[in-house]
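K.L.:
Starting off with a structure, shown below.
The values are calculated or read from the model by the stated rules, or taken from the named source; none is laboratory data. Note that the structure is a prediction, hence the values are computed from the model and not measured. Here Cβ is always computed from backbone atoms with ideal geometry, including for glycine, and neighbour counts include all displayed protein chains.
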Amino acid sequence: MNGKTEAIARVTAVIVNYNSGRWLARCIESLRGPGRSAPSVVVIDNASTDGSIDILDAADGLTVRRAHRNLGFGRGVNQALRKIDTEYLLIINPDCLLTPHSLARLIDELDHHPDAALASGRVFDMSGREQRGSRRRLPTRQQILSEVMPFSQVNGIDLTHEPVPDQPVDVDAVSGACMLMRTSALKKIGGFDPRFHMHFEDLDVMARLHAAGWRIRLVPSVFVSHAGGVSSRRRPLAVLWAKHQSLWRYLNKHCSEDWSGFSRALWWLFIQLHAIVMTPVSLITRT
């Protein structure tokens, strides 16, 4: 084996799948390259009904575990995490494309920074635009307000409008669509919080990694393609309301210091009203 192949063999890729169609097979093909069986891939299928699992080719190092219901993203990763013993764990969405060369670059980044628990690259949509959340700050209450108030003087969460770093850098957070993690670090913080069914579970993990003293690295020369929303387009309302519920959970868990009861109640009301206002918008956008 050459050096890159040896490095990739130290990784297990986990893909939580729910009705992603042919994207799942494309993700695995892109990740491994032609004729290769590394990295090992574990697919946790959350009771898909679209045949996305059935079209996968049987291959060495590919394990498919079928859940009887939709466990959610975090629970799906945790189910795989219990039996993973490789040094690194790649958590990647089924509608993402990452090449072996890019994966090897992320491995090299963590190899050279033993105090870093997570590394990722810049994430782009299919038209070549860097996606919001590709590089970002961990949310605070003030930053969340700035995201919806156009004239706010507080910096928001998203960093993709800022110049691209020339070299790998520390960041608060990266996109949850593609994360190479040190397996031991994720296990030490207890894996993903299963109370986050959908959205904010990645930010919760990154906040807990920072609290435990770990760094997170962005490698700007690594490009990840991400279609985005493939599994959620059929159920926009469920996704919308889950996102708002997870936001409320994240705020209570990580942003509740000096949070008065009155302010907390206003925030709860604001989040509920925002979800109500966005409900018809979500339906119109779908059509």
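K.L.:
Collect the residues in region 113-126 that are outside any strand (DSSP E or B) and within 12 Å of residue 228 (Cα to Cα), keeping them in residue-number order.
P.N.:
125, 126
K.L.:
Yes or no: residue 207 in contact (Cβ under 8 Å) with a residue 40 or more places away in the chain and touching a Cys at 6+ places or on another chain (Cβ under 6 Å)?
P.N.:
Against the criterion (in contact (Cβ under 8 Å) with a residue 40 or more places away in the chain and touching a Cys at 6+ places or on another chain (Cβ under 6 Å)), residue 207 does not qualify.
K.L.:
If you don't mind, another one. Could we say that residue 138 is in a loop (DSSP other than H, G, I, E, B), among the hydrophobic types (A, V, I, L, M, F, W, C), touching a residue at least 12 places away in the same chain (Cβ under 8 Å) and in contact with a strand residue (DSSP E or B) (Cβ under 8 Å, 6 or more places away or on another chain) here?
P.N.:
yes
K.L.:
Given 259, 241, 214, which one is among the aromatic types (Phe, Trp, Tyr) and assigned by TED's automatic domain parsing to the domain that holds residue 118?
P.N.:
214
K.L.:
Additional query: Among what's in region 261-280 and is surrounded by 11 or more Cβ atoms within 10 Å (Cβ to Cβ) and over 18 Å from residue 149 (Cα atoms), pick the residue that is modelled with the lowest pLDDT.
P.N.:
Going through the qualifying residues, I end up with 279.
K.L.:
Scan region 35-65 residue by residue and report those that are out of contact with any strand residue (DSSP E or B) (no Cβ under 8 Å at 6 or more places or on another chain) and either among the β-branched types (Val, Ile, Thr) or crowded, with 17+ Cβ neighbours inside 10 Å (or both).
P.N.:
49, 55
K.L.:
A further question follows. Where residues in region 182-206 are of a type in the set (Gly, Ala, Ser), closer than 28 Å to residue 100 by Cα and out of contact with any Gly (no Cβ under 9 Å at 6 or more places or on another chain), which of them is surrounded by the fewest Cβ atoms within 10 Å (Cβ to Cβ)?
P.N.:
184
K.L.:
Every residue in region 48-85 that is of a type in the set (Gly, Ala, Ser), closer than 10 Å to residue 17 by Cβ and touching a Lys or Arg at 6+ places or on another chain (Cβ under 8 Å), please.
P.N.:
Matches in region 48-85: 52 only.
K.L.:
Yes or no: residue 32 out of contact with any Gly (no Cβ under 8 Å at 6 or more places or on another chain), surrounded by fewer than 20 Cβ atoms within 10 Å (Cβ to Cβ) and at pLDDT below 95?
P.N.:
no
K.L.:
Of the residues in region 104-142, how many are on the phi > 0 side of the Ramachandran plot and under 18 Å from the mean Cα position of the chain (by Cα)?
P.N.:
Qualifying residue count, region 104-142: 1.
K.L.:
Another one. Filter region 82-125 down to the residues that are among the basic types (Lys, Arg) and modelled with pLDDT of 95 or more, then identify the one that is surrounded by the most Cβ atoms within 10 Å (Cβ to Cβ).
P.N.:
Checking each candidate, the answer is 122.
K.L.:
In region 248-277, how many residues are closer than 26 Å to residue 202 by Cβ, free of Cβ contacts under 8 Å to residues at least 60 places away in the same chain and not in a helix (DSSP H, G or I)?
P.N.:
Qualifying residue count for the region: 3.
K.L.:
Determine which member of the set 230, 174 is β-branched (Val, Ile, Thr) and buried (at least 22 other Cβ atoms within 10 Å of the Cβ).
P.N.:
From the options 230, 174, the qualifying one is 174.
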